[in-house]
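Trainee: One structure, pasted below without further comment.
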Amino acid sequence: MKSILALLAAIALIGPGLALGQKPSSKKKDSQASLAPPAQVKQDPADTTPMESDDTIKLNTELVNVLFSVVDQNNRIVSNLNQNEVTVLDDGRPEKVFTFRREVNMPINIAILIDLSGSQEYTFPEEKKAASYFLHSIIRPGKDLAALLTFQDDVDLVQGLTSQMNTINRALDEVEYSRRIGPLTSRNKATALYDAMYITVDEVLGREELRRSSEDSVSRRAIILLTDGVDNASNRKLEEAIDRAWRSGVMIYCIGIGDRFRFEGVREDILQRVSEATGGRAYFPRGSDELLDNFRQIETELRSQYLVAYSPSGSSRDGAFHKIEVQVKDRPGVRIIHRRGYYAPTEEVKK
């Protein structure tokens with residue numbers, strides 16, 4: 001009798017172990033299926049229309065990722081490109097495209113950078129209202145991030161990157177234009193625009209890229225810059241600010257606005273140069289309605305870009321600047337907007 005009871009007890013102990021041993025096997029299969037790369041998703045070979053992506057794309061670190069937009073002669077977004085219409089040149093060499101897709105839901109990291117120098121005194125209330133509308137419309141809690149910075153002769157981080165709209169609202173409420181006391185001396189008119197752009201990329205958006213780089217993630221990083229484009233106090237040059245944006249893959253959208261009567265007016269040449277070099281666009285609104293419309297256009301563009309990825313056929317670890325050119329055939333009159341190039345990594349020295 002004792003031997004029978006002992007046998008039953010042993011079976012009871014072994015039984016659950018067997019059951020538990022079967023479940024991990026099933027879960028492992030499910031886990032492997034869920035980690036299947038995007039390339040394994042079946043698609044009609046004849047269909048070259050880019051797939052729309054909902055998630056962050058995992059790409060090899062040796063690939064160059066280029067986000068670009070295409071607009072027609074009426075400044076409307078072209079959203080029906082096929083891969084066979086697109087050619088990518090790296091320093092003039094055609095490259096084989098590894099990934100081509102239209103990105104409508106890629107995570108966005110945005111820094112709103114507002115000029116608070118004297119030229120913005122009368123336009124600031126409308127800028128603040130339009131920026132608030134833009135952030136409420138574009139930021140998706142838990143997926144997108146926004147930061148808020150202001151500058152005069154130095155830069156002030158009002159709010160670091162966050163996806164919490166309540167936090168962003170409080171930060172915007174705290175920003176107020178404050179007239180400098182005293183005559184319009186050189187100090188009171190000082191504006192460090194180039195420093196502000198450099199610092200925003202380097203210390204806000206650049207750091208976020210480093211955090212994500214370990215996951216090989218791709219996200220849009222953009223600065224929305226509201227300024228008249230005048231700089232008279234920066235330690236850095238314009239080329240240094242653009243160079244830093246290239247290194248981090250940050251697009252800069254410029255909204256040229258300011259007091260055209262008491263100050264120099266808007267430096268459209270500077271703002272156009274910054275935007276074109278970094279893959280953004282420059283806008284020059286003539287009133288509050290146009291300003292709001294410009295923000296809407298930026299939102300549309302950020303949500304309607306294409307992503308191409310390629311492995312450079314030339315030296316990809318030479319540390320040099322490589323020029324990128326995206327071409328679209330058989331679409332007369334279209335304009336392709338993308339960053340001008342990238343800096344390749346340097347070859348690591350083996351010890």
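The values are calculated or read from the model by the stated rules, or taken from the named source; none is laboratory data. As the structure is a computational prediction, the values presented were derived from the model and not from experiment. As a convention, Cβ positions derive from the backbone with ideal geometry for all residues, glycine included, and neighbour counts pool all protein chains shown.
Trainee: Count, please, the residues in the range 303-340 that happen to be on the phi > 0 side of the Ramachandran plot and among the small types (Gly, Ala, Ser).
Mentor: Adding up the residues that qualify gives 2.
Trainee: Being modelled with pLDDT of 95 or more and either in a helix (DSSP H, G or I) or in the same structural domain as Arg317 (by TED's automatic domain parsing) (or both) is true for just one of Ile252, Ile242, Ile224. Which residue is that?
Mentor: Matching residue, one of Ile252, Ile242, Ile224: Ile242.
Trainee: Enumerate the pairs (first residue in the range 111-123 and in the same structural domain as Leu225 (by TED's automatic domain parsing); second residue anywhere and of a type in the set (Lys, Arg)) with beta-carbon separation below 8 Å, excluding pairs fewer than 6 apart on the same chain, so at least 6 apart or on different chains.
Mentor: Close Cβ pairs satisfying both conditions: Ile114/Lys128; Ser117/Lys189; Gly118/Arg179; Gly118/Arg180; Gly118/Lys189; Gly118/Arg262; Ser119/Arg262; Glu121/Arg179.
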